[in-house]
Amino acid sequence: MKITRLTVYQKNLPLKDPYWLSGGRLKFEVLDATFIKMETDSGIVGWGEGTPWGHTYVAAHGPGIRAGIETMAPSIIGQDPRKVELVERAMDVCLPGHLYAKQPIDLACWDIMGKAWELPIADLLGGKRSNGTPAASSVSSGEPDYMMGIINHYRKQGYIAHSAKVGGSDVATEIERIRHIEANRRDNEIILYDVNRAWTRREASIVMNAVADLGVTFEQPGETLDDIAEIRKVTTSPISVDESLVTLQDATRIARDGIADVFGIKLNRVGGLTKARRLRDIAIEHGIQMFIMATGGSVLADTEAAHFAQSIPDAFIRACWSCQDMLTLDIAPGSGPRCVDGFITVDDTPGHGVTPDEKLLGNPVAIYD
Ligand code: MG
């Protein structure tokens, strides 16, 4: 089987409500999504999506995905999409780095492999191990009552997992905000306090030590892995690494040096399923739990994350994220798993099971063949 054509679409995905990270440091209102239709000489078609969370969150850029595909396309056309590590190697040779541009191509290959072998991606990843993963809400940063209002909104939809965005305020306000949310947390709820790199080492030390009695988990409490390694030495609260977990070498360092207890794996950031499954295996081998996310995007991106999450034993998965519930536009009506009573469950449809409506995507921005 050979890849014969890549058709690229760009679509803006508006958010229902403006969203702030790190106390307003970063504001988001629309996501720049890239969709890829991959055709083969066998007639099997695969779909991929790459949607960074704006261009200020991490080193990922919507237009950069499309530029990356243009550069990589000549090396991708003619590859067998079922041989994902050969496609991965071809991409890494012709464009070092830029993992976020490779993930949508990787996803389309996994979709085709699933359709060719008549298995869902979760089974291709080793076997579906779960009958449903808690969906995590993403709680925009703000005053304590504003954040509790968002959590209550998601509770009504059955959500039991929440990623509460903190950081960007003075330490007294941070401590008050975390204690307020924890005082209102229900017994069965999973709440992650996501700092998104906003704290200095000093701020992280003060806040995390002040609420150490709560036993809550802090995600990305510093800018870099070096910062988090130092924060780790002076605090006892569990730590999740998100933005600073990019490569397999990051994962092995975090695991070997005991820098964190949780991996936040974003499939767009780490370059797709082919690379992410190695991070997953490092985590399981070292007793490290995982939060799984696409990074952002439509039901297609969420479904990729859900297949990956459901290849992980329940004991190692905290939650996955359902970004689609934050969007005003659905590009694949009636297709793919939706969040039901706070859980996402993939079915046995071969591949990922999502087919975007091409009329909703509009005219392609590029075709390579
Ligand atoms: Mg995070």
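Computed values, structure above
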{"read-out": "Residues of segment 240-267 that turn out to be in contact (Cβ under 8 Å) with a residue 24 or more places away in the chain, within 15 Å of residue 57 (Cα to Cα) and either within 13 Å of the ligand (Cβ to nearest atom) or open to solvent by 20 Å² or more (accessible area, probe 1.4 Å) (or both), as a count", "value": "8"}
{"read-out": "Residue match in segment 217-237 (condition: touching a Leu at 6+ places or on another chain (Cβ under 6 Å), surrounded by fewer than 18 Cβ atoms within 10 Å (Cβ to Cβ) and part of a helix (DSSP H, G or I))", "value": "no"}
{"read-out": "Residue 129 being surrounded by fewer than 20 Cβ atoms within 10 Å (Cβ to Cβ), part of a loop (DSSP other than H, G, I, E, B) and free of Cβ contacts under 8 Å to residues at least 24 places away in the same chain", "value": "no"}
{"read-out": "Of all residues making up segment 268-288, the number that are crowded, with 21+ Cβ neighbours inside 10 Å and of a type outside the set (Val, Ile, Thr)", "value": "10"}
{"read-out": "Test: residue in segment 178-197 that is over 18 Å from residue 339 (Cβ atoms), open to solvent by 20 Å² or more (accessible area, probe 1.4 Å) and within 19 Å of the chain's Cα centre (by Cα)", "value": "yes"}
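The values are calculated or read from the model by the stated rules, or taken from the named source; none is laboratory data. This one's a predicted model, so the numbers in the text were calculated from it and none came from an experiment. Backbone-built Cβ (ideal geometry, glycine too); neighbour counts: all protein chains shown. The area values use the complete protein model at the heavy-atom level, side chains included, leaving out ligands, DNA and RNA. Shrake-Rupley method; radii C 1.70, N 1.55, O 1.52, S 1.80 Å.
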